[in-house]
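Since the structure comes first, as structure tokens, the remarks are kept for the end.
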């Protein structure tokens, strides 16, 4: 499978928070992370030369994603990985992550996100309806934000968009963000 096909599959995958359908079909091994302070509930897949985070149990409140697993960089948070996990309040995304997939945090209980400095793309609906999320500063590497990425984040009060941002796909990105008061277009 080509790299572009993998990215396309990740960005358009919208099933439940369980393992992605393409993993189930291909028989790709999946793993639970345990030890070294990494939550045992964090699931991932080894994909050639990198790691893809594929899910997490709903019992975690604060998640710190490691920069490396099995000696490979964690580069992608797969679509729906943390979707509808109401207990998750805080997530720390390491600088190794460059892509957040579609609906990755849909309707989760997030209040705080420490964003990777290396993220270049946030896919459609990635943080949609995270109604408790209040503040987000985007990394300087960010180039594109997909449709409805933050739609319905009703508590979002402040955003700072970097100069590196090349494309805002449409006006639905921040639709229904009723508390958004501080919108800085460029730093």
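The values are calculated or read from the model by the stated rules, or taken from the named source; none is laboratory data. Predicted model only: the values in this text are computed from it and were never measured. Here the Cβ positions follow ideal geometry from the backbone for every residue, glycine too, while neighbour counts run over all protein chains shown.
Computed quantities for the displayed model
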{"read-out": "In region 84-110, residue surrounded by the fewest Cβ atoms within 10 Å (Cβ to Cβ) [restricted to those that are in contact with a strand residue (DSSP E or B) (Cβ under 7 Å, 6 or more places away or on another chain) and under 17 Å from residue 154 (Cβ atoms)]", "value": "89"}
{"read-out": "Enumeration of residues in region 32-53 that are at pLDDT below 95 and surrounded by 15 or more Cβ atoms within 10 Å (Cβ to Cβ)", "value": "33, 38, 39, 41, 42, 43, 44, 45, 46, 47"}
{"read-out": "Qualifying residue in region 62-73 (condition: at pLDDT below 95, crowded, with 18+ Cβ neighbours inside 10 Å and in a loop (DSSP other than H, G, I, E, B))", "value": "yes"}
{"read-out": "Checking residue 105 against (1) at pLDDT 95 or above; (2) in contact with a helix residue (DSSP H, G or I) (Cβ under 8 Å, 6 or more places away or on another chain), the condition it does not meet", "value": "(2)"}
